[in-house]
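Beneath this line is the structure, given in structure tokens, with notes to follow.
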Amino acid sequence: MTIIQRIEEPQLPIVQGERDFARIQKKPYPKRPHPYYFLNTETQEKYSWLEGAFAPPGHQYPGFAVIIGLDREKHPTYGEHIIRVLEEFETEKLADIKGLIKGCVALKQKYGVYPLLQQGFYTELDEPSSDRVYNIISKLYGEKSEFWPVPGAYSNVQTQSFDYREYLITLAHYKRILHIGQAAKLKAYILMVRDGKDLLHLKPQDNPAIAAIAYAVSALVAKKPWQFQQEDGVWELEDEY
């Protein structure tokens, strides 16, 4: 059962003057959609959007999945909308893709509400990983599964390629407003990266946790870019992280 509730805010009704003006301008009658936000019923935190992402197992570390949310209100100190890591998931065994998929589905059921996480989680897969992931999903949930890998923000679907460096640049840029929270494993993986130069030399299989959070942040930013102040970001590891 989901812990996220979609809250619609009432809007003032369309008045006759607006209808008359539209008729004079020979335009359709105006519509005023209801703005909405998402409430975490466990913490009472309010978000404007949530995203999920995962990365398959790497050379040394298991597959990793993450849920992040964008605060609805700006932080009083930073003056920006904070990106929060709401939950992390890592398989116990290195090559356990089945366990990773099951973990992603559990996260989707916990945090998904229309239109959040409707298709699946963002990721980037090479051909062997793609075949394994899709085969496992089909065996577990059938062809009508409600969970599938979604190409990331920097994916070129036509050429079946992606620019991983762009994901890492985006992560570094927005890390200053990324709150890791209680995601202890993700925090440990981030602390393994010394600086921005080391970060940009990573490959997805080097550190699946970094890959997953990079995919998630990039997807969130791509959907809500106007809510962020565009400033230069740096890869610094402050004490609170």
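Side notes on the structure shown:
- Condition check for Trp226: modelled with pLDDT under 85 and assigned to a helix (DSSP H, G or I): yes
- Filter pass, Lys175 being out of contact with any Pro (no Cβ under 6 Å at 6 or more places or on another chain), farther than 22 Å from Glu87 by Cβ, in a helix (DSSP H, G or I) and modelled with pLDDT under 95: no
- Exactly one residue out of Leu100, Leu125 is surrounded by 14 or more Cβ atoms within 10 Å (Cβ to Cβ), part of a loop (DSSP other than H, G, I, E, B) and of a type in the set (A, V, I, L, M, F, W, C): that is Leu125.
- The residue pairs whose first member lies in the stretch 170-193 and is in contact (Cβ under 8 Å) with a residue 12 or more places away in the chain and surrounded by 17 or more Cβ atoms within 10 Å (Cβ to Cβ), whose second member is part of a helix (DSSP H, G or I) and among the polar types (S, T, N, Q), and whose beta carbons are closer than 8 Å, counting only pairs six or more residues apart or on different chains, are Thr170/Ser218; Leu171/Ser218.
The values are calculated or read from the model by the stated rules, or taken from the named source; none is laboratory data. As the structure is a prediction and not an experimental result, all values here were calculated from the model. Positions of Cβ are generated from backbone atoms using ideal geometry, with glycine treated the same way; all protein chains shown enter the neighbour counts.
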